[in-house]
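Take a look at the structure below.
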Amino acid sequence: MVTRIVDLRSDTVTKPTEAMRAAMASAEVDDDVLGNDPTAFRLEAEMAKTMGKEAALFVPSGTMGNLICVLVHCDVRGSEVILGDNCHIYIYENGGIATIGGVHPRPVKNNNDGTMDIDLIEAAIRDPRGELLYPTTKLICLENTHANSGGRCLSVEYTDRVGELAKRHGLKLHIDGARIFNASVALGVPVNRLVQAADSVSVCLSKGIGAPVGSVIVGSKNFIAKARRLRKTLGGGMRQIGILCAAALVALQENIGRLENDHKKARLLADGLRELKGLRVDTLAGETNIVFIDIEDGMRTGAEKIRKYLEERGILVMEESSSRLRVVLHHQISASDVQYALSCFQQAVKGVENEMGD
């Protein structure tokens, strides 16, 4: 019987803290679709100020936030967006920009650090003289931190260069900043400076900073006015959202300062896993809060078997492929939990070795 659960599947699995629950219970609310929810106003004003943009809008999810941002920038069907071939918008958002918005994605290879080569981005921009044949390039998208690259951070210098490229060609820049606060903490750079070059940013509230629901998108006042209409079209107008925004305000106050500790725990876990024969962990894993674990060919076993072994002992991890596992640290994982997880990984590897020897 499992008596201890350590949930490392994602930083989306956190539960609301007591302070969040109290704030939700006492939140002052009104109808946000009618534009009257005071707690939503507070959150949106706070996020706009924090991100250095004119205005902000609460949305139910990061996927909807990214979709809205792309559709506002690409307001003519047949527009094209340049984005990484391993980014969240391209892989994990159900093709929404194409199926709902009629926007054509043009993927550029992501490097291991989550960047795209600047010259490849520029080469992907369509020549306007070919508009009779080609989609029209309108937008470039970046992701910071880059989840599929192990939570790697995009630097200010890189983002500024992409922003300069976008302006030079009359394009817009959107940043999927689902974990932008993790990047800010890891790089030691104010979050508003990290997104200074962006025309829009989506920021997830329910990942590293631990709110139960929602994301916020930020941009100019004109951009957010258009985004508000699209949010309603997509079914994202949710009336008394102040109940959710109240928890997000607590998360902003309490949990951004805890992200560095999440990163330290990720490094501790990554360092311990590197000591285990048969497992391979990138030397840069633990820059933020995501660690990928590759199972070496010589193990003659797969990720599913190890995942199930760990699950039987209360360690929950994500199976990325037949030979890769993912763990994500968050503020509700303790240092003791990390040590317990490491001991279970060690037992899992030994258990596989014993089976191979039989």
So, first residue within 15 Å of VAL317 (Cα to Cα) and not assigned by TED's automatic domain parsing to the domain that holds LYS207 in segment 327-340, second residue among the acidic types (Asp, Glu) and part of a helix (DSSP H, G or I), Cβ within less than 7 Å, six or more apart or across chains; the pairs are LEU329/ASP262; HIS330/ASP262
In segment 276-307, anything modelled with pLDDT of 95 or more and out of contact with any strand residue (DSSP E or B) (no Cβ under 7 Å at 6 or more places or on another chain) is listed as THR288
Listed by range, helices (runs of 4 or more DSSP H) wholly within segment 166-285 having at least 2 residues that are of a type in the set (Gly, Ala, Ser) are 180-187, 221-233, 242-254, 259-274
Pairs returned, first residue in segment 143-166 that is on the phi > 0 side of the Ramachandran plot, second residue that is of a type in the set (Asp, Glu) and buried (at least 23 other Cβ atoms within 10 Å of the Cβ), beta-carbon separation under 9 angstrom, 6 or more apart or interchain, are GLY150/GLU287; GLY151/GLU287
Scanning for something under 19 Å from MET318 (Cα atoms) and among the aromatic types (Phe, Trp, Tyr), does segment 220-234 turn up at least one residue? no
Taking segment 293-338 and the residues there that are within 17 Å of ASN148 (Cα to Cα) and among the polar types (S, T, N, Q), the one that is surrounded by the most Cβ atoms within 10 Å (Cβ to Cβ) would be SER323
Among GLY208, GLY286, GLY242, the single one that is in the same structural domain as SER155 (by TED's automatic domain parsing), under 22 Å from GLY114 (Cα atoms) and touching a helix residue (DSSP H, G or I) at 6+ places or on another chain (Cβ under 7 Å) is GLY208
Exactly one of ASP37, ASP117, ASP113 is among the charged types (D, E, K, R), under 20 Å from the mean Cα position of the chain (by Cα), at pLDDT 95 or above and in the same structural domain as VAL185 (by TED's automatic domain parsing), and that one is ASP113
All-but-one check, ARG9 against (1) more than 18 Å from the chain's Cα centre (by Cα); (2) part of a loop (DSSP other than H, G, I, E, B); (3) among the charged types (D, E, K, R), failing number (1)
| task | Looking only at segment 179-192, decide whether some residue is surrounded by fewer than 24 Cβ atoms within 10 Å (Cβ to Cβ) and touching a strand residue (DSSP E or B) at 6+ places or on another chain (Cβ under 7 Å). | result | no
Taking segment 7-52 and the residues there that are free of Cβ contacts under 8 Å to residues at least 24 places away in the same chain and over 15 Å from PRO212 (Cα atoms), the one that is surrounded by the most Cβ atoms within 10 Å (Cβ to Cβ) would be PHE41
The residue from ALA303, ALA270 that alone is in the same structural domain as MET318 (by TED's automatic domain parsing), free of Cβ contacts under 8 Å to residues at least 24 places away in the same chain, more than 22 Å from ASN111 (Cα to Cα) and aliphatic (A, V, I, L, M) is ALA303
The one condition LYS172 fails out of (1) basic (Lys, Arg); (2) without any contact (Cβ under 8 Å) to a residue 24 or more places away in the chain; (3) in contact with an Asp or Glu (Cβ under 9 Å, 6 or more places away or on another chain) is (2)
Residue count, segment 185-212, condition within 13 Å of the chain's Cα centre (by Cα) and touching a residue at least 60 places away in the same chain (Cβ under 8 Å), comes to 8
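The values are calculated or read from the model by the stated rules, or taken from the named source; none is laboratory data. Bear in mind that the values here come from a model prediction, so they are computed numbers and not experimental data. Backbone-built Cβ (ideal geometry, glycine too); neighbour counts: all protein chains shown.
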